[in-house]
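As C-alpha cells, the structure follows; a few thoughts come after it.
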Ligand code: SF4
Ligand code: SF4
C-alpha cells in the first residue's frame with residue numbers, strides 16, 4: 001500500500017522575504033499539494049482553529065490564520081474562522097472565557113483574532129454553549145457511538161483544520177486528531193470524552209442543596225429539576241456532561257472543602273487512556289459527518305512551532321520542548337500528526353525545556369527527565385500534567401493507535417519537504 005503524503009516547509013535558513021508566512025504560502029501554492037484546486041468558487045470554507053485561552057502566550061499567532069484566510073479567498077472560497085465552546089463554565093472570567101460563545105469570541109479578539117484582523121467572520125461553530133450540533137452515528141466507536149459534530153462544520157462546504165502542533169496536558173499531544181476529537185464536537189462530545197457522558201454525572205449530596213436554582217437556569221439541556229422538597233434532581237438521559245452545573249453550584253466552596261461539600265460529582269473518574277480513546281471515537285464521527293456524502297471536505301495544516309508541553313487552553317504558555325519545526329500539510333489527520341510526533345521525537349530538547357527543569361504547577365509536579373533532552377527520545381506525553389504517571393509514556397501512542405483503530409487514516413506516511421530552494425546570489 002502506498003504511503004500517505006505529508007508535505008512540509010521547514011524553518012531552516014529563514015530570511016528577508018522568506019519568513020514562515022511566505023513558506024506557508026509556497027506550501028499552499030505547490031502544485032503537488034493541490035489546496036488551491038480543492039476549494040471551488042463560492043464555497044464556504046470553515047477554518048477550524050484554536051482561539052487560545054485567557055493570558056495564553058503560545059496560541060497560534062493570528063498572522064498564520066490570516067494568511068490562510070487570504071489564501072482561501074484567493075482560491076474563490078468564503079472563509080469563516082471557527083472555534084467551538086470550551087467545556088465547563090468559568091464563573092470568575094465570564095467576559096473573556098472559553099466557556100461560552102460571546103466570551104470566547106471576545107477572548108479571541110484579545111488574542112488578536114477578530115473580524116478586522118482576519119478579514120473574515122470569527123464565529124463559534126457550535127453556538128452559545130456548545131449545543132448546536134449535528135448527530136452522527138459511529139458504529140465503530142468504542143465508547144461513543146453518537147457523535148455531536150459542531151453544526152457550523154457540518155454546513156460548511158469545506159473544513160480546513162489549522163492547528164498549532166504541541167504537547168497536551170491531557171492527551172499527550174494536540175494536532176489534527178485532537179482538533180477533530182475535541183475541537184470539532186459540541187459540549188456533549190467534550191463531556192463524553194472527559195466525563196463519560198450524562199450517565200456518569202450524579203447528585204452526590206442532595207441534602208446540601210439550598211434550592212437557589214442557579215444550576216437549573218444554566219443547564220443547557222433541562223437535565224435538572226427540583227423534587228417536592230426543593231432539592232436538586234438530575235436526569236441523566238438529558239444530561240450532556242458539560243459540567244456547567246458543577247461550576248455554578250460549587251463556585252463559592254473553597255477548593256480544600258470541595259470534596260466533602262460538593263453536590264454534583266462523577267460516579268467514575270474516566271482514566272486518561274480511556275479519555276483519549278473516547279476523543280478518537282469523536283474524531284471518527286466528525287470525519288464521517290463532514291464527509292457523509294463521499295465528498296473530500298477535510299484537510300489539515302499543522303503549524304509545528306512554539307512546541308510546548310501545554311495545550312492552547314492552558315493559560316500558562318510554558319517553555320518550549322524542541323526548536324520550531326515548520327508547517328505540515330496532509331489530507332490524512334493521522335499521517336500528519338504521526339509525522340509531527342516523529343519530528344518532535346527526533347529533535348533535541350531546548351535548554352530550560354520541561355525535560356530539563358521539570359514542571360511545578362498547582363495542578364501537579366513532574367520531575368525533570370534528562371534523557372528527553374536527547375534527539376530520538378520520547379518527549380510528548382512525559383510532561384502532560386493531567387495524565388497519571390504510568391500513562392504519560394504511552395498517552396501519545398494511545399492517541400495515534402486509537403485513531404488508527406477507528407479507520408480514519410494511516411500511520412504510514414512519506415514526508416516530502418517542499419521548502420523553496422534559496423537562489424544563490
Ligand atoms: S446550584 Fe447547587 S444549591 Fe443551587 S439549586 Fe443547584 S444544586 Fe442546589
Ligand atoms: S446537568 Fe449539569 S452536566 Fe448535565 S447538561 Fe445540565 S449543566 Fe451540563
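Values as computed for the structure displayed
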| item | result |
| --- | --- |
| Cα-based helix-to-principal-axis angle, 272-290 vs the chain, degrees rounded to 10 | 70 |
| For the chain, share of DSSP beta bridges that run antiparallel, in % to the nearest 5 | 55 |
| The range 215-266 and the range 389-425: distance between their alpha carbon centers, rounded to Å | 40 |
| Euclidean distance of C-alpha centroids, the range 10-35 and the range 106-168, integer Å | 26 |
| Over the range 197-266 - Rg/Rh using Cα atoms and the Kirkwood inverse-distance radius | 0.92 |
| Most to least packed among 183-191, 250-258 [average Cβ atoms within 10 Å] | 183-191, 250-258 |
| Whole-angstrom Cα spans of the chain along principal axes, big to small | 83, 52, 43 |
| Estimated 222 nm signal from helices in the chain, with DSSP H stretches of n ≥ 4 weighted -39500 (n - 2.57), rounded to 500 | -8000 deg cm²/dmol |
| Residue of 291, 208, 100 that the Gaussian network model of the chain assigns the largest fluctuation, springs spanning Cα pairs under 10 Å | 208 |
| Overall form of the range 232-363 per C-alpha gyration tensor (a/c, 1.5; a/b vs b/c) | oblate |
| Among 196-203, 161-168, the order from most to least packed when residues are scored by Cβ within 10 Å on average | 161-168, 196-203 |
| Relative contact order %, the range 88-214, counting alpha carbon pairs below 8 Å whose residues are six or more apart | 15 |
| Dmax and Rg, reported as Rg then Dmax, of the range 268-330 (C-alpha, Å) | 15.8, 43 |
| The range 42-103 and the range 267-316: distance between their alpha carbon centers, rounded to Å | 16 |
| Quarter of the Cα convex hull surface for the range 334-425, i.e. its orientation-mean projected area (nm²) | 8.6 |
| Relative contact order (%) - the range 197-266, alpha-carbon pairs under 8 angstrom, separation at least six | 44 |
| Relative contact order for the range 28-118, counting Cα pairs under 8 Å that sit 6 or more residues apart, in percent | 30 |
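No value in this document is a laboratory result; all are computed from the given coordinates. As the structure is a computational prediction, the values presented were derived from the model and not from experiment. Because the Cβ atoms are built from the backbone with ideal geometry, glycine has one as well, and the counts that use them run over all protein chains shown.
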